[in-house]
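Scroll down for the structure; my scribbles are underneath it.
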Amino acid sequence: MLNLAATLMTAVSSDSEGASKNFFEWLFSSNGFHAPSIADLNPEPLLFGGTIFEFNRITFVRVVAAVVLIAIFVIAARNAKVVPGRGQAVIEFILDFVRVQIVEQIMGEERGKKYLAFLTTLFVTIVFFNITGVVPFLNIAGTSLIGLPIIMALWVYVMYLTEGVRKHGLGGFLKGNLFPPGVPKPIYILLTPIEFLQVFILRPATLALRLAANMIAGHMLLVLCFAATQYFFFEASLALKSVGVLSITAGFAFTLFEIFVALLQAYVFTILSTVYINLSLEDEH
Amino acid sequence: MGAFIAAEAGHGEGESTFNPILPTNYDLLWSFLLFLVIVVVFMYYALPKIQKVLDERAELIQGGITKAEQAQAEAAAALDEYTAQLREARAEAAKIREDARHEAAQIVADGREKAVRDAERIAEASSKTIDAERQQAVVSLRAEIGSLATELASKIVGESLADDARQQRLIDTFLDDLESETKAKG
């Protein structure tokens, strides 16, 4: 935290060009247009810099998201009643959505029961970590740094491998996945390497990359729009100031779009995880 | 451009190019810890608790439906029973009415027969009494009329009719005449 304060202090003193400027002048001042860069995703450490415990802005955002998420669901669970209130109805709507639209649609009611809790957790976690990208003052998705998507993808990866092996045995699982039945023998020369890549590398990799890339792109779009607005309003010549209206409108539109993307990516990640687990459990491919 | 990104990207130390698809060790560690905490809280506390409430609700609704169905079945059974009882009662009432009518007819018939018998008996008894009384009257009259007539005749005729034999003959003749006259009349 000391580190954070120091950073803030230097930022204020270097930008303010002396004590004559007040807080608002500092807030609305800028020294030229900064295009967003990929380096935004590698912020200065706030704590424990250089160690494995390095704690930076994105980790802080994640902690906030996790605390809020856990708080909401723990309170909801503690106050859960047979006759639901308004808040509980919203929570139940979300849980119902995952159960009916994702899990039961793909696995069916019987098989889905066992994985419902994990997939629900996965869905709401991704939604909450995505949505921080449009929450004021957090302004970056917790999933836009690849670590979290990788952890979640690996969790799903380990899950569908172990479930598949547990159901069919190691040999049965490998045979079913790498040598799909109903194909002429020579085709296996082509098919088996592809299936191997698919099952052991591409599925988890695409899961993680799709989510992170979407969130990074969303962050870039938003930062570009709002940085441009800042520049047009406070830096550019009078003729260009009107362009700022355009860029702030675009920023607003993209904020709505990012909310949609946040929900969509959570849906996609969860539904693909469900499909992968289901494929491992399928008897015949 | 690459140099620009490199210069911008490497924070603090500036020793390496930042690559967004390669995770850093601290990123993985924090991500894992946070996700683990969320998964544990959700799977072992929040979701089972909410699920329990949902199950309770489903049970309650299911129970309500079952109860309603049961009540309906009971009502239907009661209705059937009442209808059957009503039908039975109606049949019984009809039977009782029929019996009563039958009995009444029997009673009337019996009464009529008895009355007829009584009337016949009374008529017979009275005719017998009348016959007896008439017989009696005839006998008493015969005796009385004889002596009266004799008295009268002796008074009229005097001593000439004192002879008993002649007297008796005369009386019998008179009475026979009288009797035949009466019979011819009646």
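The values are calculated or read from the model by the stated rules, or taken from the named source; none is laboratory data. For clarity, every value in this text was computed on a predicted model and none was experimentally measured. Glycine also receives a Cβ, built like all others from the backbone with ideal geometry; neighbour counts cover every protein chain displayed. In case anyone asks, the SASA skips ligands and DNA or RNA and just uses the protein heavy atoms, side chains included. Shrake-Rupley method; radii C 1.70, N 1.55, O 1.52, S 1.80 Å.
What figure in square angstrom, to the nearest 10, would you give for the accessible area of residue B:43 with a 1.4 Å probe?
Here the residue's solvent-accessible area equals roughly 60 Å².
What whole-number value in Å² describes the accessible area per residue of the protein assembly as shown for a 1.4 Å probe? Don't skip to the end; give the middle numbers.
Working: 29390 Å² over 471 residues.
Each residue of the protein assembly as shown exposes 62 Å² on average to a 1.4 Å probe.
Carbon and sulfur: what percent of the protein assembly as shown's accessible surface (1.4 Å probe)? Kindly include the intermediate steps, with their values, before the conclusion.
On the way: 19630 of 29390 Å².
Here carbon and sulfur together make up 67 percent of the probe-accessible area.
Karplus couplings for the range A:190-206 from phi (6.51 cos²θ - 1.76 cosθ + 1.60, θ = phi - 60°), rounded to Hz, Gly and Pro as x?
Values per residue, Gly and Pro as x: 7, 6, 4, x, 5, 5, 4, 4, 4, 6, 9, 10, 5, 4, x, 5, 5 Hz.
Through the Karplus equation 6.51 cos²θ - 1.76 cosθ + 1.60, θ set to phi - 60°, convert the phi angles of the range A:112-119 into ³J(HN,Hα) values in whole Hz; use x for Gly and Pro.
For the range A:112-119, the Karplus curve yields x, 3, 5, 9, 4, 4, 5, 5 Hz.
Relative contact order for chain A using alpha-carbon pairs under 8 Å, separation at least 6, rounded to a whole percent?
Values: 266 pairs, mean separation 67.6, N = 285.
Relative contact order for chain A comes out at 24 percent.
Is the shape of the range B:24-172 best called rounded, prolate or oblate, per the rule: a/c under 1.5 gives rounded, else a/b larger than b/c gives prolate, else oblate, with a ≥ b ≥ c the square roots of the Cα gyration tensor eigenvalues? Can you show the working numbers first?
Details: a/c = 20.78, a/b = 13.12, b/c = 1.58.
Since a/c reaches 1.5 and a/b is larger than b/c, the shape of the range B:24-172 is classed as prolate.
What are the residues whose amide H is under 5 Å from the amide H of residue A:46, where those residues sit 5 or more places off or on another chain and H is modelled from the backbone?
Those qualifying (amide H under 5 Å, at least 5 residues apart or on another chain) are A:55, A:56, A:57.
Sort B:30, A:155 from largest to smallest accessible area, using a 1.4 Å probe on the heavy atoms of the protein chains.
Numbers: B:30 45, A:155 70 Å².
Ranked list, largest accessible area first: A:155, B:30.
For residue B:140, what is the net charge nearby, where nearby means another residue's Cβ is under 14 Å from its Cβ and Lys, Arg count +1, Asp, Glu -1? All intermediate terms of the calculation are to be shown ahead of the outcome.
Working: positive: B:134, B:142; negative: B:133, B:144.
Charge balance near residue B:140 sits at 0.
With loop defined by DSSP as not H, G, I, E or B, and exposure as at most 16 other Cβ atoms within 10 Å, which is the longest segment of chain A clear of exposed GluC sites (Glu not before Pro)? Working shown, then result.
Values: sites that count: A:17, A:235, A:282, A:284.
After excluding every exposed loop site, the longest remaining stretch is A:18-234.
Roughly how many whole Å is it from the C-alpha centroid of the range A:136-190 to that of the range A:211-285?
27 Å
Quick one: longest stretch of chain B between exposed loop GluC sites (Glu not before Pro), exposed meaning at most 11 other C-beta atoms within 10 Å and loop per DSSP?
Numbers: sites that count: B:13, B:15.
With a cap of 11 other Cβ atoms within 10 Å, the longest stretch comes to B:16-186.
Express the Stokes-Einstein translational diffusion coefficient of the protein assembly as shown in µm² s⁻¹, to the nearest whole number, given a Kirkwood radius over alpha-carbon pairs, 37 °C and a viscosity of 0.692 mPa s. Intermediate results must be reported in sequence, preceding the final value.
Working: Rh = 32.8 Å.
Rounded, D is 100 µm²/s.
Quick one: Debye curve from the alpha-carbon atoms of the range A:43-281 only, equal weights, vacuum; give me log10 I(q)/I(0) at q = 0.16 Å⁻¹ to two decimals.
With no solvent term, the Cα-only Debye profile gives -1.18.
So how much accessible surface do B and A hide from each other in total, probe 1.4 Å, in square angstrom to the nearest 100?
Details: alone 16720 and 16670 Å², together 29390 Å².
For chain B against chain A, roughly 4000 Å² becomes buried.
Which of the three applies to the range A:59-142, rounded, prolate or oblate, going by the alpha-carbon gyration tensor with a ≥ b ≥ c and a/c under 1.5 meaning rounded?
Values: a/c = 2.38, a/b = 1.43, b/c = 1.67.
In terms of gyration-tensor shape, oblate.
Anyone know which of A:267, A:157, A:188 comes out most mobile in the 10 Å Cα GNM of chain A?
Looking only at A:267, A:157, A:188, the biggest GNM fluctuation is shown by A:188.
Each residue of the range A:59-66 in turn: what ³J(HN,Hα) in whole Hz from Karplus with 6.51, -1.76, 1.60 and θ = phi - 60°, glycine and Pro shown as x?
4, 4, 4, 5, 4, 4, 4, 5
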